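Q: Input: one structure, supplied below.
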Amino acid sequence: MHMTTMSRPYWAHIATLAERLTDGEDVIGLGYLAGASKAFCLANLAHLLQRPLVIITPAPSEAELLVHDLRFFTAPAVPAPNIVLFPAEGHLPFEPTSTTSELTAQRLLALRSMLQAGPQIIVTTPEAIIPHVIPRALLQPASLDLTPGMPLERQGLVERLLRCGYHQVDLVEEWGDFAVRGGILDFFPAHRSRPVRLEFMGDDIESIREFDPASQRSLRALQQVTIVPLREFIADLPAWDELARRAAAVDLDLARFRELYDCLERFVFPPGVERLLPLFCEGMESFFDYLPPEAVLVLDEPAIIDAKLDEYASAVDEGYKQALLRHDLVPPPATRYLTPAAVAECLQACQRVVIHTLGGEGPEQQASAALSAQAVGSFQGRWEALVRLLGERLHEGYTIILTAASVTQARHIQDLLREADMAAEIRDIPPLLLTGEPDAGSAQASRLLVCVGALSGGFALPSARLLCVDAGDIWGTRRRRERQRMPSARARLFSYKDLQPGDYIVHLDYGIGLYRGTTILNVGTEENEFLTLEFADHDKVYVPIDALHLVQKYLGAGGETPALSKLGSGAWKRTKRRVKAAIRETAQELLRLYAARAVRPGFAFSPDTHWHHEFHEAFEFEETDDQWRAIEDVKADMEKPHPMDRLVCGDVGYGKTEVALRAAFKAVMDGKQVALLVPTTILALQHWHTFRRRFAPYPVTVEMLSRFRPAVEQKEVVKGLRDGSVDIVIATHRLLQKDVQFKNLGLLIVDEEHRFGVTHKERLKQAYPQVDVLTLTATPIPRTLHLSMVGIRDMSVIETPPLNRLAVRTYVLKFGDAVIQEAISRELDRGGQVFFVHNRVESIGAMYRYLHRIVPEARIAIAHGQLPEPQLERVMVRFINRDIDVLLCTTIIESGLDIPSANTIIVNRADRFGLAQLYQLRGRVGRDQIQAYAYLLIPGERILAGLPWERLKAMLEFADLGSGLRLAMRDLEIRGAGNILGKQQSGHIGAVGFDLYCKLMEEAIRELKGEHVEEERELQVVLKIGGFIPKDYIPHTPQRLDIYQRLYAVDSEAMLAELRAEIEDRYGTPPEAVEKLFHLVELRALARQLGLQKIERRQQVVAFVFDPATPVPPEKIVTLLQAHRRVLRFIPDHTLELTLVQDEWVAVCEAVKKVLQQLV
């Protein structure tokens, strides 16, 4: 494929533009560039010029898309230019908040890049270039490149990380964390997708490794990593006298300023402290001071840029006024922000390329005509129309590039093209399209390519004989670009990492007690670690670490405080017997239901075809692993010959609806009807819109049946269900009425299961016994319950948040006009909607009048539980349809609602809410890629202390995604259990704790199925050599307990080797006490395989006590005795004795291991 022959007119015009700039022309104009052709044109221009390009676009969303497009077209260039986004600060001027660590790192990396040589393209926005930035002289030493072998004083690095805004933690899981463990230092730079582990040898860096934050295991070695500050506040603090002089010069309150200074001395950075940067750091510079002297500016729509600059300048003035009203410590605007006039002056000083949508005049117009492209538009799944266009363009000599989101999608497109007799080549990156150079080895290369990547929009460029079509243009939906996701370790039902002193626990033998921490005790000659448990009457039990599995954290029903068990009373054994009997009855009922379902015939749906793949590709998001697993589970169930009954659980907004859509498509493709049952008319309306949009390209009729539709329309829908002309119906309880009958119902989907009574669901199941049933619920179901119910009800759990979801930014602020006005106005200005939660019905009218007074432009409506249901639903529908800007409501906010346009929530008197309530309310916003905000308002005249303050502080700390499982684990998980097992079981759960309840349930079910349930026997290994994890090796107790738990679960040599490698990777070279523990764990694993009850050292003899039901054949023991007569003998009580020859602990372990290995 020789680009020079293909595209001579295009390259001639690009070359002319480059020559004009090289000759020193100040301003060059371009006209409208459709789709991704803007990036294509600018990438070519940068390639020819070999000078830095700085592109200013009107909006952040456009800047992000442009960066992606530029990276696509420049990927094959050698060397490829560095494409960098310089984002805005992410908050309004003078707002009392700091820029997120992710944005700060991006900004500082971009500034650092501008100081370095080499080809690069910087993309930014008007809002990003107005604030002053730290001086170049400060930024260069603040950033640090680390390489293996580099000498670096470790304590100095710790201080640098603290000064740069990193937080010291026990376990690195999130951006900005760092942890020190002996010779290991872990840290998580905000510009990297994974954290980094440094291993030191003295004061030299021995190795640098990237590791997985979830498993904490190293993934690969790195040759270099950069530490970039997480905040722009990186200056060394000047002396107080000098700072006081500067503060006094701008009339700041010196007493409050001194408090702030004291915080900074302790590396504590209050939110919004960057507003005071000009006082701490003299000689602030602008974005333009960083520009390389040879840089060329590209102004994308200068008129819009000017308007944005003026708009931001007004926001600066308004923000400053509001800050003064709040009595914030802020310097004058001129010290922190450029004026539009100053920005214009800086722009005039540079060579510029200006892009006008309406084009220029004369030569500019001719050049624009040669460079102009036509937008491809969306094919909405009309494959034949696309194939026709591709055929025509190939005939005209075009090179065609189709983009695909993944290799799988690329292969799917290639298969579809093959069916149309078109041969396409798949490539990981696009061909070299810059400057008309020939693609490598390209003379015979295909002119129809499918490349893995994405473009903001397809385009046809006649003068270049080039056609680009994005997958989004083909399927009618564009997949959201993957944003680096804030990592967070998954919350589990119970991990020893979550166990804290003072927590209630359940000991399998002793009952319910309190965990009081760990202690090191000397037993005989050996030192070991023990859990300290306290029971009734302050009785204490010391549990050896190797019996850790007998202890579980207590999770009860309804959050009630349990009574402590009394040791030696026999009450705990009686309680266990009573609960076990009740559980057996429940298990029998569940098994009866399961057996009846298993023998009932159903409909086996056909395997997927290319139509299903097309439907999948139209999903605008990237599926998470959990979501994909749930989809596969549902499809596999539907293809089986008996009816499906699957429950899909997942947090609000985690993608359960897409699972339902895929199932519905599979059903209608086999000629079956689908019914979606929802609890409210609001949800019915939402699902109706979603289903109609997704099924629009297909001949599928989707209808809604609810009170919102007139009686005449309802009759038509009912008639359509009866005669089969309606394929999918979304309905409320109206679906349960007797006049509703289906011609060929194949799938019933129940959304928000817990909102329906058992009779409702059973009525449908009885009416259509052969129908597949898919149930969706937002109630988290713990993994242990999932395991205990295996074979009773199939479940899929979606725990992972969508890739592009941003954590909600949370503020705790004092109630005031300025705060509320600013929060509402900010959301309305960006076209969004607001929830205002005021949980007092008697004063909600007064709050309505107050809001109307301070934000008169907002359309406000009231919603609370005492309104008649029709009126409440009308209000909610108006809010969904965006006829209302601010919904003033109580906690009635519908839990299942998905309103992506509502991205600000204000909670009045947040101090009166429980933690779980606050979390649930905050979950109403942040449903899209847009940054969402939660303002928790507290009374201005009160100082909070105690529990209310702890709750609000927790909301600020647990702002990451998926933290609801950690915040509200007890309440939500027990409610999930109740939904499945019935209310009568909650008392039994409270009596023995949730984990033990699930364990007993699993055993009862296995017994009733006729499976052999072995009684757990305690294996003891007592070799009197010690073996534990010293606190100076793993100082953090929860981490230490977690490692113990995993070590004592080891059942093979390979598993131990894997865990040993992880421990060495995370904590460094193990000390002797840990080496002893590894040997003991290895011996335990072997002894467990042999069915041993005990291995015990008695002076110079080691006794191996076998269980009578040991799997070891007697003849194997006889053979072993004959081979080692001098050191081995068998004595009564199933005991084998080994006489030790050496006393050293390694020799003892090796001798015991040798015996065990010969018996395996």
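Q: Where does each of 458-467, 621-630 land if you order them by average Cβ count within 10 Å, highest first?
A: 458-467, 621-630
Q: Here is a follow-up. Using a Cα-Cα cut-off of under 14 Å, which aspartates and glutamates could be cross-linked to LYS573, ignoring same-chain neighbours fewer than 8 residues away?
A: ASP509
Q: Let me ask another. Name the residues whose placed amide hydrogens come within less than 5 Å of the amide hydrogen of VAL298, ignoring near sequence neighbours (fewer than 5 apart) on the same chain.
A: Result for VAL298 returns VAL54, ILE55, ILE56, VAL353.
Q: Karplus couplings for the stretch 90-99 from phi (6.51 cos²θ - 1.76 cosθ + 1.60, θ = phi - 60°), rounded to Hz, Gly and Pro as x?
A: Whole-Hz 3J(HN,Hα) from phi for the stretch 90-99: x, 8, 6, x, 6, 5, x, 8, 9, 4.
Q: So for the pair THR357, ALA581, with labels modelled 7 Å out along Cα→Cβ, what separation do we get in nm?
A: Label-label distance for THR357 and ALA581, simple model: 7.8 nm.
Q: Still on this structure, please answer the following. Among 853-860, 1031-1038, how do they line up by average Cβ neighbours within 10 Å per residue, starting with the highest?
A: Ranking the peptides 853-860, 1031-1038 by packing returns 1031-1038, 853-860.
Q: First obtain the Kirkwood hydrodynamic radius of the stretch 686-736 from its Cα pairs, then insert it into the Stokes-Einstein equation at 20 °C and 1.002 mPa s, and state the resulting D in µm² per second as a whole number.
A: It comes out at roughly 191 µm²/s.
Q: Can you give me the long-range amide H partners of GLY176? Hydrogens built in the peptide plane at 1.01 Å from N, cutoff under 5 Å, separation of 5 or more residues or another chain.
A: Correct list: PHE188, ALA190.
Q: Could you name the lysines whose alpha carbon sits less than 21 Å from that of LYS321, not counting residues in the same chain fewer than 8 places away?
A: Within the straight-line limit of under 21 Å, LYS321 reaches these lysines: LYS308, LYS814.
Q: Another question, then. May I ask you to list the lysines whose Cα is less than 23 Å away from that of LYS666, ignoring any residue fewer than eight positions away on the same chain?
A: Within reach: LYS635, LYS640, LYS656, LYS743, LYS761, LYS765.
Q: Once you place label points 7 Å from the Cα toward the Cβ at CYS346 and GLU265, how far apart are they in nm?
A: 3.5 nm
Q: Report the net charge of residues surrounding PHE257, where surrounding means a beta-carbon distance below 14 angstrom and charges are Lys +1, Arg +1, Asp -1, Glu -1.
A: Value of the local net charge: -3.
Q: What does the C-alpha gyration tensor say about the overall shape of the stretch 144-227? Classify as rounded when a/c is under 1.5, otherwise prolate if a/b is larger than b/c, or oblate.
A: Rounded.
Q: Highest mean first, how do 167-180, 1047-1060 rank when packing is the count of other Cβ atoms within 10 Å averaged over residues?
A: The peptides rank, most packed first, as 167-180, 1047-1060.
Q: Grab the beta carbon distance between ALA303 and GLU639, set R0 = 56 Å, and tell me the FRET efficiency rounded to 0.05.
A: Here the calculated transfer efficiency is 0.45.
Q: Distance cut-off 31 Å, Cα to Cα: go down the list LYS1024/LYS1116; LYS999/LYS1154; LYS1009/LYS1154 and report the pairs above it.
A: Table pairs above 31 Å Cα-Cα are LYS999/LYS1154; LYS1009/LYS1154.
Q: I've got another one for you. At a Förster radius of 51 Å, what calculated FRET efficiency corresponds to the Cβ-Cβ distance of ASP723 and ARG194, to the nearest 0.05?
A: Computed FRET efficiency for ASP723 and ARG194: 0.35.
Q: Same structure again: Provide the gained length on full extension for the span ALA15 to ARG878, in nm with one decimal, where the gain is 0.36 nm per separating residue minus the Cα-Cα distance.
A: 305.2 nm
Q: Please give, to one decimal in nm, the separation of the simple spin-label points placed at SER314 and ARG592, each 7 Å out from Cα toward the Cβ.
A: Spacing of the two 7 Å Cα→Cβ label points: 7.2 nm.
Q: If you don't mind, another one. Can you tell me the relative contact order of the stretch 12-81? Whole percent, Cα pairs under 8 Å, sequence separation 6 or more.
A: Relative contact order here is 34 percent.
Q: Same structure, new question: Can you tell me the FRET efficiency between GLU242 and GLU159 if r is taken as the Cβ-Cβ distance and R0 is 30 Å, rounded to the nearest 0.05?
A: Using R0 = 30 Å, I get an efficiency of 0.85.
Q: Let me ask something else about it. Amide H of VAL1021: which non-local residues (sequence gap of 5 or more, or other chain) have their own amide H closer than 5 Å, using H built in the peptide plane?
A: ILE1095
Q: Further, regarding this structure: Normalised by the residues of the stretch 1020-1159, what does the relative contact order come to in percent, with Cα pairs under 8 Å and at least six apart?
A: Worked out over the stretch 1020-1159, it gives 25 percent.
Q: Listing CYS164, CYS281, CYS263 from the residue with the fewest other Cβ atoms within 10 Å to the one with the most, what is the order?
A: Least crowded to most crowded, the residues run CYS263, CYS281, CYS164.
Q: Tell me, what ³J(HN,Hα) does each residue in the stretch 293-309 have, in order and in whole Hz, if you take phi through Karplus 6.51 cos²θ - 1.76 cosθ + 1.60 with θ = phi - 60° and put x for Gly and Pro?
A: Working through the residues one at a time gives x, 8, 5, 10, 8, 10, 9, 8, 6, x, 5, 5, 4, 4, 4, 5, 5 Hz.
Q: Let me ask something else. Taking the Cβ of HIS91 as the centre, find all other residues whose Cβ is under 15 Å away and add up their charges (Lys, Arg: +1; Asp, Glu: -1).
A: -3
Q: Shifting gears a bit: Please give the net charge around HIS610, taking every other residue with its beta carbon less than 9 angstrom from that of HIS610, where Lys and Arg add +1 and Asp and Glu add -1.
A: Summing Lys and Arg as +1 and Asp and Glu as -1 gives -4.
Q: Quick one: 3J(HN,Hα) in Hz for the stretch 245-255, Karplus 6.51/-1.76/1.60 with θ = phi - 60°, rounded, Gly and Pro as x.
A: Values, residue by residue: 5, 5, 5, 5, 5, 10, 6, 8, 6, 5, 5 Hz.
Since every read-out is calculated from the coordinates, none of them should be taken as a lab result. Please read all numbers here as calculations on a predicted model, not as lab measurements. No Cβ is skipped: glycine too gets one built from the backbone with ideal geometry, and neighbour counts run over all protein chains shown.
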